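See below for the structure under consideration.
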Amino acid sequence: MTRAGEPTIGVVIPTRNAARWLERTLAVLREEPEPAEVLVVDSGSSDGTPEIAARQGARVVSIDPREFGHGRTRNLAMELTDADLVCFLTQDAVPLPGWLASWRPAFARHPRVGAAFGPQLPWPDTPVPVARELDEFFPRFAHPTAPDEPAVLGSLDDPFLSNVNACYRRDCWRELRFPDVPYGEDRAFALAMREAGWSLAYVPRARVRHAHAYPPLEFARRYFDEFRALALVFGYRERWLDPVALLRRVLGETLRDVHWARRRRGVGAVRTLARSPRWALHHAIRATFAPLGSRGLALPAPLQRALSLEGRAIRRGELAVGARGADERGVGDAALAVRRVEPWDAADPYLCGRLEREGPAPTRPRLVHASNGDRPLHVAFVVPPWERGSGGHMTILRFVRYLEQRGHTVTLWLHDPRAERRWAWNGVLRHSIVSDFMRVRAPVFNGFDQWHGADVAVATGWETVYRVLLLPDVGDRVYLVQDHEPDFFPASAERVLAERTYTFPELRIVTAGRWLSELLRERYDVESDFFSLGVDHDVYKPDPRVERIPMSIAMYGRFVTGRRGVPLARDAIALLWERGIRPRVFVFGTEDPPGLPFPYEFVGVVPPSRLARLYNEVTVGIALSLTNYSLVPLEMLACGLPCVDVAGGSLERELGRDAGVVYAEAQPAAIADALFSVLCSSAERRRQLAQAATAATASLEWADASARLDRLLRMLAHSETPVL
């Protein structure tokens, strides 16, 4: 019986032809120690489901099947009930004894817990691949020291929520309501909760039996439906695997199935081997139909209906929540373009040979000299190919946006010497710029077939310099140097060519930071102007509402960017583990989870707002700078997050010693000691480091850096002898 002051609780089960499971489910609910209102919303059953529900004492509401919607029908159910807490089950989920009584403690943990979910257990005859996935999936949400108690999830945890087995606080639902989407209303609700400041909880004791045992073809169609819905609602796109990766995935997952079946179900070796081809087929189907489904919205309606288990085609216009976001972008959008924009000479991809033969193109007379210094310019940025998350391209685009705001005309030109994007249309490239970085007005051109001159052409990487020097109809040329790029290569032709780019007198060099300007002077006897990298303080700032996770590290994990010293960070954290120190590690900045010798939580490449949240929740950050410093440590510091970097490097030259940074020699043991000094420091010491961090970055503004570049461009364009 409900005690005074406790929230009331009810149960909702949407059904259609649920006679197979419903009687068993209602019998379990009837045995619960306290009564609860049970509402069955039936949409056109023909197997006696409403009669079964009525006999078992449930309230039955019937609706027209054409009116059913996963979000719409659940909103109706909420309106038809009065309970403070409303639990949802799908018709094929059978709760275990004690299920109903398990929910209240979760919502009692905190008044802002808006929804909770429980584990789904396989049936004894559930196929091994599905059973293993369920067995391994839900325990990861449990609290490490109290795995059987409700756990309130943090904002860095996966916002998983499934209406197979869930419970909602009415106040939270009243504020948000379920979105009217074809699928995924629960996950969409979880994301809306997070944005609105509500928390999600996992309730280990609220267990249900639920698992699908489809034949292979139906599993394929089910996966198509699931991932098509994820694409529609969240913009998610599953990666296609190449044949080698597909084979590796299938073999690896099948081997895990074999071990699980022998350990958990006691299946003998002979039976396990006999069944393994069926399990391999399951994983091959998933690896094929998941990416197909995530692209299913682009398929013709008849083909969608043929591939869908529900037999349903969905139009893009049915999208009701969000849009294809910057978190998950497809990589194959450019595959339909067939025109190679510029036919490179295969023997001279960087155009250095052509530059030797022809020399730099002459600059055109600068007609703007006679005008005043406020005349808008046409500034053409020539950029190398990019990847999502590239900090260098983000800096370029910040300048582009600022210059546009100051009235200049800006264009972007992709120089692609390795033909990485030779088939990409201009529109596809612009979509990538806007969606993966930021919205700018500048058009994007793949190659230079449409080159029409510029007041100033800006080279933005060593491989773009030779192209910029050959461009005709240019008033002046600027070389935007963000790092010492020869250090990206061993002894090689690329290293030699990159070093040479600093010696062309036709280029006016501007560097990112004082350290890089000094390096060019000392090593190449080259003078340059410089700017300090900025911080977007509207995004990266301390959040006093957030409590930091004790003993936690944010680790930049992009191994392919060698200058960031990720192996040093990896080995340093591994040393902490060897010493018995067990920090919670969050790895970010890379598309795919790297192989590490310690457990970690994968964040991936995420939008700035999510990064700022991460920086506000962990204890210390590590993003090493073996050449020029990057935006990452600056943004960490701006959030009040102390970080570790190498001693004597560019960041120390830029910010000094008292900047919330703990500097260490570029050795794993020294870096491990530096991490330990922050992880295990007193609260007062961490507060001092946080204050120093925010103070050191408070004056770093993108507006200042952009204004400095703007002044330089105007001086170049409006003077006979450009002055740096």
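The values are calculated or read from the model by the stated rules, or taken from the named source; none is laboratory data. The structure displayed is predicted, hence computed values, not measured ones. FYI the Cβ positions are ideal-geometry reconstructions off the backbone, even for glycines, and counts take in every protein chain you see.
Would you call Ala442 over 25 Å from Asp476 (Cα atoms) and part of a loop (DSSP other than H, G, I, E, B)?
Numbers: over 25 Å from Asp476 (Cα atoms): no; part of a loop (DSSP other than H, G, I, E, B): yes.
So Ala442 does not fit the description; no.
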Here are some residues: Gly317, Gly322. Which one is at positive phi and either part of a loop (DSSP other than H, G, I, E, B) or at pLDDT below 80 (or both)? Gly322
Kindly indicate which of Ala674, Ala693, Ala705 is assigned to a helix (DSSP H, G or I), in contact with a Ser or Thr (Cβ under 7 Å, 6 or more places away or on another chain) and crowded, with 20+ Cβ neighbours inside 10 Å. Ala705
Mind listing whichever residues of the stretch 140-150 are touching a residue at least 40 places away in the same chain (Cβ under 8 Å) and within 24 Å of the chain's Cα centre (by Cα)? Phe141, Ala142
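Residues are listed down the side, and each one gets a yes or a no for (1) within 24 Å of Glu494 (Cβ to Cβ); (2) surrounded by fewer than 17 Cβ atoms within 10 Å (Cβ to Cβ); (3) modelled with pLDDT of 85 or more:
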{"site": "Val434", "(1), (2), (3)": "no, yes, yes"}
{"site": "Phe437", "(1), (2), (3)": "no, no, yes"}
{"site": "Ala454", "(1), (2), (3)": "no, no, yes"}
{"site": "Val458", "(1), (2), (3)": "yes, no, yes"}
Matching residues, the stretch 545-572, being over 23 Å from the mean Cα position of the chain (by Cα) and at pLDDT 95 or above: Leu568, Asp571, Ala572
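Yes/no matrix, rows are residues, columns are (1) over 19 Å from Glu527 (Cβ atoms); (2) in contact with an Asp or Glu (Cβ under 6 Å, 6 or more places away or on another chain):
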| site | (1), (2) |
| --- | --- |
| Thr411 | yes, no |
| Trp425 | yes, no |
| Phe445 | yes, no |
| Ala457 | yes, no |
| Pro472 | yes, no |
| Pro486 | no, yes |
| Tyr502 | no, no |
| Pro505 | no, no |
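Please work out which residue is nearest to Ser155 (Cα to Cα), limiting yourself to the stretch 559-570 and to residues that are free of Cβ contacts under 8 Å to residues at least 60 places away in the same chain and in a loop (DSSP other than H, G, I, E, B). Step through it out loud before you land on a result.
Step one: of the stretch 559-570, the residues free of Cβ contacts under 8 Å to residues at least 60 places away in the same chain are 559-561, 566-567, 570.
Remaining after also requiring in a loop (DSSP other than H, G, I, E, B): 559-561.
Values: Phe559: 26, Val560: 28, Thr561: 28 Å.
Only one residue fits best here, namely Phe559.
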Testing Gly407 on (1) surrounded by fewer than 18 Cβ atoms within 10 Å (Cβ to Cβ); (2) on the phi < 0 side of the Ramachandran plot; (3) modelled with pLDDT of 80 or more; (4) not hydroxyl-bearing (Ser, Thr, Tyr), one condition comes back false. Which one is that? (2)
Just one listed residue, out of Pro204, Pro216, Pro182, is modelled with pLDDT under 90 and either closer than 21 Å to Arg132 by Cα or more than 25 Å from the chain's Cα centre (by Cα) (or both), and it is Pro216
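Which count do you get for residues in the stretch 454-509 that are in a helix (DSSP H, G or I) and either of a type outside the set (A, V, I, L, M) or not assigned by TED's automatic domain parsing to the domain that holds Arg523 (or both)? Lay out the reasoning, then the answer.
Keep residues of the stretch 454-509 that are in a helix (DSSP H, G or I), which gives 462-470, 485-488, 493-503.
This time we only want the ones that are either of a type outside the set (A, V, I, L, M) or not assigned by TED's automatic domain parsing to the domain that holds Arg523 (or both), so: 462-464, 466-467, 485-488, 494-495, 499-503.
Residues meeting the conditions: 16.
Considering only the stretch 2-35, state which residues are buried (at least 19 other Cβ atoms within 10 Å of the Cβ) and under 18 Å from Ala116 (Cα atoms).
The first filter runs over the stretch 2-35 and keeps only residues buried (at least 19 other Cβ atoms within 10 Å of the Cβ), leaving 9-15, 18, 21-22, 25-26, 29.
Within the stretch 2-35, Ile9, Gly10, Val11, Val12, Ile13 meet the criteria.
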Can you find a residue that is modelled with pLDDT under 95, touching a Leu at 6+ places or on another chain (Cβ under 9 Å) and either buried (at least 22 other Cβ atoms within 10 Å of the Cβ) or in a strand (DSSP E or B) (or both) anywhere in the stretch 515-530? yes
Scan the stretch 119-134 and tell me whether some residue there is crowded, with 19+ Cβ neighbours inside 10 Å, of a type in the set (Ser, Thr, Tyr) and farther than 27 Å from Trp198 by Cα. yes
Name the single residue that is surrounded by the most Cβ atoms within 10 Å (Cβ to Cβ) among those in the stretch 257-286 being in contact (Cβ under 8 Å) with a residue 40 or more places away in the chain and more than 16 Å from Thr126 (Cα to Cα). Arg286
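Would it be correct to say that Glu185 is assigned by TED's automatic domain parsing to the domain that holds Ser102 and within 24 Å of Ile314 (Cβ to Cβ)? Can you show your working first?
Details: assigned by TED's automatic domain parsing to the domain that holds Ser102: yes; within 24 Å of Ile314 (Cβ to Cβ): yes.
Judged against the criteria, Glu185 is a match.
Given the residues Arg20, Arg74, which is the only one that is closer than 23 Å to Leu161 by Cβ and part of a helix (DSSP H, G or I)?
Numbers: Arg20 fails: closer than 23 Å to Leu161 by Cβ.
Checking each option against the conditions leaves just Arg74.
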